[in-house]
Amino acid sequence: MVTIANSFADASFNGMKRFAELYARYSETYFCLDPGVTAVVLQGLAKHKETFGEPLCPCRYYEDERSELKAGYWLCPCIPMQERRQCDCMLFLKTEDDFAGDQQTL
């Protein structure tokens, strides 16, 4: 089991961690081989959740976060993830992805 440093042990991060674990099982995807990638993505999602009230994908640049929030396209799990199992953030990876690990829990 992958362990992530306790320095991220805030409520928002833990909420995103629980969500990610549930969604990984639901979507039959896995976390990255490098737990640091997973931690950074979860930290970004947690920060956006605290700032905007929604988990906006942290791997993208947004000129206007508020309009992106209204559109809902990049809310985690984003539309590409829901439709094609394509996660640009590398949070949810298919088994055939080069960087996919074998863990669905952190």
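Bear in mind these aren't lab numbers, they're just calculated from the coordinates by the rules spelled out. It should be emphasised that the depicted structure is a prediction, and the values quoted were computed from it without experimental measurement. Here the Cβ is made from the backbone with ideal geometry for all residues, glycine too, and neighbour counts use every protein chain on show.
Ordering of 86-93, 53-60 by packing is 86-93, 53-60, highest average first (other Cβ atoms within 10 Å, averaged per residue). Packing, as the average of other Cβ atoms within 10 Å across residues, places the peptides 71-81, 32-42 in the order 32-42, 71-81, highest first.
Identify which of the listed values of Kirkwood radius over Cα pairs in Å was calculated from the structure shown: (1) 14.6; (2) 13.8; (3) 15.3. Among (1) 14.6; (2) 13.8; (3) 15.3, the one calculated here is (2). Loop-resident GluC sites (Glu not before Pro) (DSSP state other than H, G, I, E or B) in the range 3-79 with no more than 14 further Cβ atoms inside 10 Å of their Cβ: Glu28, Glu63. Here the range 1-104 is assigned +1 on the Cβ of each Lys and Arg and -1 on the Cβ of each Asp and Glu. Its dipole about the Cα centre then comes out at about 280 debye. The mean sequence distance of close C-alpha pairs (under 8 Å, at least 6 residues apart), as a share of the length of the chain, puts its relative contact order at 39 percent. Going from the residue with the fewest nearby Cβ atoms within 10 Å to the one with the most, Asp10, Asp97 rank Asp10, Asp97.
The range 68-106 and the range 21-55 have Cα centres lying 9 Å from one another.
The stretch between Phe52 and Arg18 holds 10.3 nm of extra length on full extension. This uses 0.36 nm per residue minus the Cα-Cα distance. Cβ screening of the chain for cysteine pairs under 4.7 Å finds these without a partner: Cys32, Cys57, Cys76, Cys78, Cys87.
Total lysine pairs in the chain at Cα distances under 18 Å, for residues eight or more apart or on different chains: 4.
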